[in-house]
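Colleague: A single structure is presented below for examination.
The values are calculated or read from the model by the stated rules, or taken from the named source; none is laboratory data. In this text the structure is predicted, and so the values were computed from the model without any measurement. Heads up, the Cβs are rebuilt from the backbone with ideal geometry, glycines too, and the neighbour counts pull from every protein chain shown.
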Amino acid sequence: MFLWVRLTASEDMYILLRESFLARANDKEAAVRVQAALGLAKLSAGEDVDDLEPGEVPLQKAILGLLRYDPAA
């Protein structure tokens, strides 16, 4: 049971970080967008595209969009 609670907490933290970084990727401050891009890059290493909910953007696609259209990132 302890392991299940620990895994659930880790998954909840991952979801919270993912949503927060994606929201900050569109911030008006360039420094915030840069840090969001770095955070997204670290999270993307452990992301499995098959596990995404319908409509969720893969992190690699979000990072590529940042790098393509944001000169600060």
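Colleague: Kindly establish whether Leu40 is surrounded by 16 or more Cβ atoms within 10 Å (Cβ to Cβ) and assigned to a helix (DSSP H, G or I).
Modeller: Spelling it out, Leu40 is indeed surrounded by 16 or more Cβ atoms within 10 Å (Cβ to Cβ) and assigned to a helix (DSSP H, G or I).
Colleague: Would you check which residues across the stretch 35-70 are farther than 21 Å from Glu11 by Cβ, out of contact with any helix residue (DSSP H, G or I) (no Cβ under 6 Å at 6 or more places or on another chain), at pLDDT below 90 and among the hydrophobic types (A, V, I, L, M, F, W, C) and list them?
Modeller: Selection gives Leu67 alone.
Colleague: For a quick check of your reading of the model, give me the residue pairs whose first member lies in the stretch 55-73 and is among the charged types (D, E, K, R), whose second is modelled with pLDDT of 85 or more and assigned to a helix (DSSP H, G or I), with beta-carbon atoms closer than 9 Å and at least 6 apart or on different chains.
Modeller: Glu56/Arg18; Asp70/Ala30; Asp70/Arg33; Asp70/Val34; Asp70/Ala37
Colleague: Checking Ala73 against (1) in contact with a helix residue (DSSP H, G or I) (Cβ under 6 Å, 6 or more places away or on another chain); (2) at pLDDT 90 or above; (3) in a loop (DSSP other than H, G, I, E, B), which single condition isn't satisfied?
Modeller: (2)
Colleague: If I ask for residues that are out of contact with any Leu (no Cβ under 9 Å at 6 or more places or on another chain), assigned to a helix (DSSP H, G or I) and of a type in the set (Gly, Ala, Ser), which ones from the stretch 43-70 would you list?
Modeller: The one that is out of contact with any Leu (no Cβ under 9 Å at 6 or more places or on another chain), assigned to a helix (DSSP H, G or I) and of a type in the set (Gly, Ala, Ser): Gly65.
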